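Have a look at the structure below before the remarks.
The values are calculated or read from the model by the stated rules, or taken from the named source; none is laboratory data. All values derive from a computational prediction rather than experimental measurement. Positions of Cβ are backbone-derived with ideal geometry, glycine not excepted, and every protein chain shown enters the neighbour counts.
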Amino acid sequence: MRSNGSLVLEKYSFGMGDRFAHQASAQLRACMQIVAKGVEVTPVWNKSHREHAIVGSNPTSVRTAAEEAIRKLNWSRSFYIDADHIRPETVDAFVESSDFYTLDVADAIGQPAEEQELKAFIDRHPELVGTTSIPDIESPFMTTRADIERIAAKYLNAVQEASSLYRHIESEKGKGKFITEVSMDETDSPQTPVELLVILAAIADEGIPAQTIAPKFTGRFNKGVDYVGDIAQFEKEFNEDLAVIAYAITKYDLPQNLKLSIHSGSDKFSIYEPIRKALAQTGAGIHVKTAGTTWLEEIIGLAESGGAGLQMAKEIYDEALDHIDELCAPYATVIDIDRSKLPTKAEVSNWSAEQYADSLRHNPRCPEYNAHVRQLLHVGYKVAAKMGQRYIDMLETCEPAVARNVTENLFDRHLKPLFLG
Ligand SMILES: [Zn+2]
């Protein structure tokens with residue numbers, strides 16, 4: 001929405017990925033269903049440079065597809081186009097068509113900041129040292145100057161990079177003309193609530209009007225499969241992160257609507273309940289990104305259609321299996337595939353439409369469901385990209401089954417448990 005001429009991201013927003021630019025309507029229908037249930041969820045279409053490079057698409061195509069869906073379905077509420085995980089070297093291609101920027105500064109984490117700037121930060125923030133009592137966090141944070149020095153040394157450089165990236169976009173698009181997200185999720189170790197507080201103080205110092213922040217949470221957020229980790233620990237940290245954000249907004253004068261963004265948020269069924277409870281309790285907002293889950297629904301739709309559609313779904317699996325190393329490499333940190341659990345090509349060639357769909361569809365209670373097949377195909381979209389028009393034609397042929405699966409997946413397995421329970 002607009003407020004005093006500036007874009008302000010709504011309380012609940014939902015990031016969706018549409019790799020082959022054919023599902024925007026089916027995705028938007030899921031958002032319409034949740035709105036019809038009385039929960040205002042704002043759609044955001046996101047696509048990273050990595051996805052564009054693998055598919056061979058350009059950033060403009062995301063806006064074109066979204067706007068077509070908006071017109072077709074008469075959506076009159078807000079929507080945004082997120083330049084996901086952009087960096088200084090990739091930002092320029094997104095300047096024209098995006099109005100939401102995810103500044104990925106994970107690679108700058110741990111890179112040393114200037115000694116002087118580090119000292120200036122600590123001197124500016126004596127309040128971070130000692131005991132910090134934050135409403136809704138049981139035990140106060142107890143930190144020494146050395147703790148804060150260590151945390152600042154780890155993150156200050158990343159925040160400065162976010163700042164220069166932000167300023168670059170601001171100079172191109174103008175202040176208030178876009179939503180800013182700072183992402184630190186694609187890194188090795190999770191950020192603790194104390195670290196988040198220090199990061200937010202630094203973001204405020206730099207004057208970055210961040211409306212969402214994507215930390216790395218505890219546990220594994222693998223692509224397309226459920227959360228792996230200690231759910232109770234996640235819940236505790238998530239609630240503390242919410243409390244830290246609420247505190248930092250007032251303390252450091254950050255945007256009032258600043259909220260958490262959960263990356264690789266699709267399919268994390270076991271944490272949706274704790275998330276929903278925490279949001280209900282605190283009144284906090286959330287942004288959830290679910291990029292790759294839609295592409296898997298496309299294959300399910302092809303398989304369910306039988307005939308040539310099923311044949312192509314099998315061909316995609318075969319090719320993915322043949323190129324497993326190459327396909328997994330860019331996603332190595334966010335997948336866990338046990339190759340011994342992958343069926344052979346011969347086995348898959350005998351699968352019925354139902355067997356294929358059951359193996360791939362994320363229904364943990366279905367005995368046929370195979371998380372390894374699912375992860376392999378999740379990273380396997382390059383195979384379909386290589387098929388080019390042949391794949392697109394099949395998507396169009398199988399459109400009823402594909403669209404039905406895309407909408408159902410987003411509404412029944414994502415939006416509903418996240419916002420309705
Ligand atoms: Zn991410």
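Here are a few things to note about the model shown:
- Among the residues of region 137-167, those that are over 17 Å from residue 114 (Cβ atoms) and without any contact (Cβ under 8 Å) to a residue 12 or more places away in the chain comprise 138, 139, 140, 146, 167.
- Only one of the listed residues (211, 233) is in contact with a Pro (Cβ under 8 Å, 6 or more places away or on another chain) and of a type in the set (S, T, N, Q). That residue is 211.
- Residues that are out of contact with any His (no Cβ under 8 Å at 6 or more places or on another chain) and of a type in the set (S, T, N, Q) within region 41-94 comprise 42, 46, 57, 60, 61, 64, 74, 76, 78, listed in sequence order.
- Every residue from region 350-406 that is part of a helix (DSSP H, G or I), among the aromatic types (Phe, Trp, Tyr) and free of Cβ contacts under 8 Å to residues at least 60 places away in the same chain: 356
- Total residues in region 124-162, condition in a loop (DSSP other than H, G, I, E, B) and under 26 Å from residue 106 (Cβ atoms): 3
- The set of residues in region 19-52 being of a type in the set (Ser, Thr, Tyr) and within 16 Å of the ligand (Cβ to nearest atom) consists of 48 alone.
- Criterion: surrounded by 17 or more Cβ atoms within 10 Å (Cβ to Cβ), outside any helix (DSSP H, G or I) and among the small types (Gly, Ala, Ser) - qualifying residue of 83, 66: 83
- Any hit, region 268-275, residues being in a strand (DSSP E or B) and within 24 Å of residue 220 (Cα to Cα): no
- Test set (1) touching a strand residue (DSSP E or B) at 6+ places or on another chain (Cβ under 6 Å); (2) within 16 Å of the ligand (Cβ to nearest atom) - residue 176 fails condition number: (2)
- Residue ID - surrounded by the most Cβ atoms within 10 Å (Cβ to Cβ), chosen from residues in region 248-293 that are within 16 Å of the ligand (Cβ to nearest atom) and among the hydroxyl-bearing types (Ser, Thr, Tyr): 266
- Residue match in region 225-246 (condition: within 16 Å of the ligand (Cβ to nearest atom), within 25 Å of residue 378 (Cα to Cα) and crowded, with 18+ Cβ neighbours inside 10 Å): yes
- Any hit, region 318-325, residues being within 16 Å of the ligand (Cβ to nearest atom), free of Cβ contacts under 8 Å to residues at least 60 places away in the same chain, surrounded by fewer than 19 Cβ atoms within 10 Å (Cβ to Cβ) and assigned to a helix (DSSP H, G or I): no
- From 346, 385, 371, residue being within 17 Å of residue 302 (Cα to Cα) and either of a type in the set (Phe, Trp, Tyr) or assigned by TED's automatic domain parsing to the domain that holds residue 304 (or both): 385
- Scan of region 1-30 for residues that are assigned to a loop (DSSP other than H, G, I, E, B), modelled with pLDDT of 95 or more and of a type in the set (A, V, I, L, M), ordered by number: 8, 9, 21
- Annotation note: Cβ proximity below 7 Å between a residue of region 181-207 that is within 13 Å of the ligand (Cβ to nearest atom) and a residue that is assigned to a helix (DSSP H, G or I) and at pLDDT 95 or above (sequence gap 6+ or interchain) occurs for 182/162; 182/203; 184/158.
- Residue match in region 225-239 (condition: at pLDDT 95 or above, assigned to a helix (DSSP H, G or I) and acidic (Asp, Glu)): yes
- Against the test of being modelled with pLDDT of 95 or more, within 16 Å of the ligand (Cβ to nearest atom) and outside any helix (DSSP H, G or I), the options 103, 165 yield a single qualifying residue, 103.
The rows are residues; the columns are (1) out of contact with any helix residue (DSSP H, G or I) (no Cβ under 9 Å at 6 or more places or on another chain); (2) within 16 Å of the ligand (Cβ to nearest atom).
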site: 54; (1), (2): no, yes
site: 57; (1), (2): no, no
site: 65; (1), (2): no, no
site: 71; (1), (2): yes, no
site: 82; (1), (2): no, yes
site: 86; (1), (2): no, yes
site: 94; (1), (2): no, yes
